[in-house]
Amino acid sequence: MDLQHLLSRAHRLAASARPTERRLLGITGPPGAGKSTLAAHLVAGLAGQAALVPMDGFHLAEAELHRLCRTERKGAPDTFDPAGYAALLSRLRSPEPDTAVYAPAFDRRIEEPVAGSIPVAPHIPLIVTEGNYLLLDSDPWARVHELLDEVWYVELEDQKRIRRLIDRHERFGRARADAERFVHASDEANARVVAATRHRADLVITFTSEEAPPPQTD
C-alpha cells in the first residue's frame, strides 16, 4: 500500500472536520504489524493538522496488573481501561475553544502509562489513535469503534511481525529467550483476538516486508 495514498486519505479526513467536531482516525491490527509507525508517519506528514493519541496510554499500571494476577497477559483486552479511553475520545471529538486536552502515553522504558503526557491543541482537526482493540464489538470496547470516523487495519506477514515483536521486547530490556516466550504466549494470543475483528475495518492495509515502514526505536 502506497504511503502517499494513505496520507492523502488522512488529509481528506482532516479537511472534512468542522470547528465544533474533530475527525478521529483509528489504526488497528495485531501486535508488531506497524500500527504505531504508520500512525506516526501520518501525523508527521500532516504537519500540524493531526495529533497522535495511542490507546496504550490506557494500559493498567503494573501494580494493578499484579493485584489482578494479569502481569503475564499484559496487553490483553482486560488489561486496559477501555471506558477511560472511550471517554477521552469522546472529549477529543468536541474541542473546546482555547482549551487543550492532555492524553496519557505509555512509556516502554518503565512499562507504565504516564498521565498528561500528550497535549492536544484545540485547533487540531484530526486525531490519529492506534491500538489493538479498536474494532472489538464487546462492551465496553464497542464504544471506541462508535467514536471513530474511520478505522484502518494494518497487517504484516507473521514471520516478519513476530520477529519485530521479539526484537522490540529485547530492545526494552527482556532477555531474548524471555522475549520469545512472551511473544508466543501472550502477544500472539492477543493477535488472534485482533485478527477476528479485521472484517469490520474501513480499509485493510497489507504490508509486505519490503513495504512496511521501519519500526520505531523509542
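The values are calculated or read from the model by the stated rules, or taken from the named source; none is laboratory data. Quick caveat: nothing in here was measured; it's all calculated off a predicted structure. In this analysis, Cβ positions are derived from the backbone assuming ideal geometry, glycine residues included, and neighbour counts consider all displayed protein chains.
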- prompt: Filter the stretch 164-185 for residues that are free of Cβ contacts under 8 Å to residues at least 24 places away in the same chain and of a type in the set (D, E, K, R); which is surrounded by the fewest Cβ atoms within 10 Å (Cβ to Cβ)?
  reply: R176
statement: Among residues of the stretch 120-131 being more than 14 Å from the chain's Cα centre (by Cα) and touching a residue at least 40 places away in the same chain (Cβ under 8 Å), the residue farthest from H145 (Cα to Cα) is A121
- prompt: Is there a residue in the stretch 177-184 that is among the basic types (K, R), over 17 Å from the mean Cα position of the chain (by Cα), outside any loop (DSSP other than H, G, I, E, B) and closer than 19 Å to A76 by Cα?
  reply: yes
- request: Tell me, please, whether a residue that is in contact with a Gly (Cβ under 7 Å, 6 or more places away or on another chain), assigned to a strand (DSSP E or B) and either on the phi < 0 side of the Ramachandran plot or not aromatic (F, W, Y) (or both) can be found in the stretch 157-170.
  value: no
- request: Could you tell me whether any residue of the stretch 55-70 is free of Cβ contacts under 8 Å to residues at least 60 places away in the same chain, touching a Phe, Trp or Tyr at 6+ places or on another chain (Cβ under 8 Å) and not aromatic (F, W, Y)?
  value: yes
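Considering only the stretch 109-145, state which residues are of a type in the set (D, E, K, R) and over 19 Å from D78 (Cα atoms).
Within the stretch 109-145, R109 is the sole residue that qualifies.
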- line: Contact list, first residue from the stretch 88-116 and over 20 Å from V144 (Cα atoms), second anywhere and among the β-branched types (V, I, T) and assigned to a strand (DSSP E or B), beta-carbon distance below 6 Å, six or more apart or interchain, is D107/V114
task: Check whether at least one residue in the stretch 145-153 is at pLDDT below 95, in a strand (DSSP E or B) and within 30 Å of Q49 (Cα to Cα), and report yes or no.
output: no
